[in-house]
Amino acid sequence: MMLDPAQSRIQANMVIHNIGQLVTVAQQPLAGASGPLQVITNATMAVHNGNIVWIGHDNEAEPLFQHDTHTPKDGITIVDAQGAVVTPGLVDSHTHLIFAGDRAEEFHLRRAGVSYGELLAQGHGILTTMNATRHANTELLLELAKARIDVLRTYGTTTVEVKTGYGLDKVTEEACLRIINNLNALEESPVYPHSQVRVVPTFLGAHVVPPEYRDRRTEYVDLVVEEMLPSFVGLARFCDVFCEREAFTAEECRRILTKAKALGYQLKIHADQLSPSGGAALAAELGAVSADHLDYASDTDLDALRDAGVVATLLPGCSYTLRSPYPAARRFLDHGLHVALATDFNPGTSYCENMQMILELAMSSMGMSLEEALTAATINGARALGLDDQIGSLEVGKHCELAFWSINDYHEIGYHFGVNLVQSVLVQR
């Protein structure tokens, strides 16, 4: 493909051409696109300084692009997609990937019949990971996080939310937040050029009550509200809480989130995962960006979430690990909710970095079509992070975050399962 600057009309410094199928997930109709995912065959995309500036067919692309004299001498970078299927990079909007240690023993205890709630009540579960994380140094935690981000990326994730919640004291929670922010500041990987993953930080100090506060839980809530939240302004975009009988009550969560909102945090809630805890209703009341899990949310809750514009984030990896019933995605969709999918990557209930696996579970066990699942893993994941104006679909003006799939047709996603179908990602910022 030859681009002649003298004939050009659009300024670009990267052009990706020879795309077999460009699965745009565009929210507005695109010329020449077809189907609910707005797919363009034999496509080209032009990018300038990280933003998409043109999308169309290969035979329309030449000679549209203006050379930017501020780029290197060879001008426009040409990427030959070699007929690949290209989608938006996957958006994993709920993870807990800052931790040390593992909980393999707990995994086998559950197989022997001990429930997740019983393990929490016995001081296992999250508290096991808390102990390991508190005793790990920041260098180890950073290296573990970097390695996990690399794995996420190989499966097609280009934006990931990362929560704290395994420190549960001010020093460790702050250290974890600084590690999360350092992940965003890392130089581009020499191993994966143009592939740095965007990391969105979330403060989850209200994960469970730590053992030193077991008999004075109000003091721990005071610590979160009066010390941690004010100290962490600017380090976290979101404040999350685990609203559950074994964790924090709806009233405790309301107090934490109300303070967080006043300080400028956006809100998330682990809601109604193990029981009807009131988390979904609270998410609607406070205008959270997302409510996550929702296994026990009522129809009234779902209507309230829809009316408040809260994204429903479903986490089938938990159902798979805990051998609990999968939420019926059709129920959420029929209530008119934006539904997102995420891994909930964590060492206890969803030890999975692979968003492709989550797509497969959503289709095989939750009743989602491929189009619905891919939408949930891209643009709706972006909605769950308040980033849908920037990422999650391939449209002019949005950031360039791409996944290149080693398949002939996007309908193979979910059909060919158990292997990694993403060959690479490309991120321009």
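When the test is whether a residue is free of Cβ contacts under 8 Å to residues at least 24 places away in the same chain, more than 24 Å from A362 (Cβ to Cβ) and part of a helix (DSSP H, G or I), E252 does not pass it.
Yes or no, residue by residue, for (1) at pLDDT 90 or above; (2) crowded, with 21+ Cβ neighbours inside 10 Å; (3) assigned to a loop (DSSP other than H, G, I, E, B):
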residue	(1), (2), (3)
G20	yes, no, no
V25	yes, yes, yes
M45	yes, yes, no
P63	no, no, yes
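Being buried (at least 23 other Cβ atoms within 10 Å of the Cβ), closer than 15 Å to D240 by Cβ and under 21 Å from the mean Cα position of the chain (by Cα) is a property that L314 lacks.
The set of residues in the stretch 407-425 being within 23 Å of S34 (Cβ to Cβ), hydroxyl-bearing (S, T, Y) and within 22 Å of the chain's Cα centre (by Cα) consists of Y410 alone. Restricting the search to helices (runs of 4 or more DSSP H) fully inside the stretch 263-364 and requiring at least 1 residues that are of a type in the set (F, W, Y), assigned by TED's automatic domain parsing to the domain that holds R153 and under 21 Å from L97 (Cα atoms) gives 316-322.
All of T218, T138, T129, T164 fail the test of being of a type in the set (S, T, Y), out of contact with any His (no Cβ under 9 Å at 6 or more places or on another chain) and either crowded, with 16+ Cβ neighbours inside 10 Å or under 26 Å from E251 (Cβ atoms) (or both), apart from T218.
The values are calculated or read from the model by the stated rules, or taken from the named source; none is laboratory data. Predicted model only: the values in this text are computed from it and were never measured. Cβ: placed from backbone, ideal geometry, glycine included. Neighbour counts: every protein chain shown.
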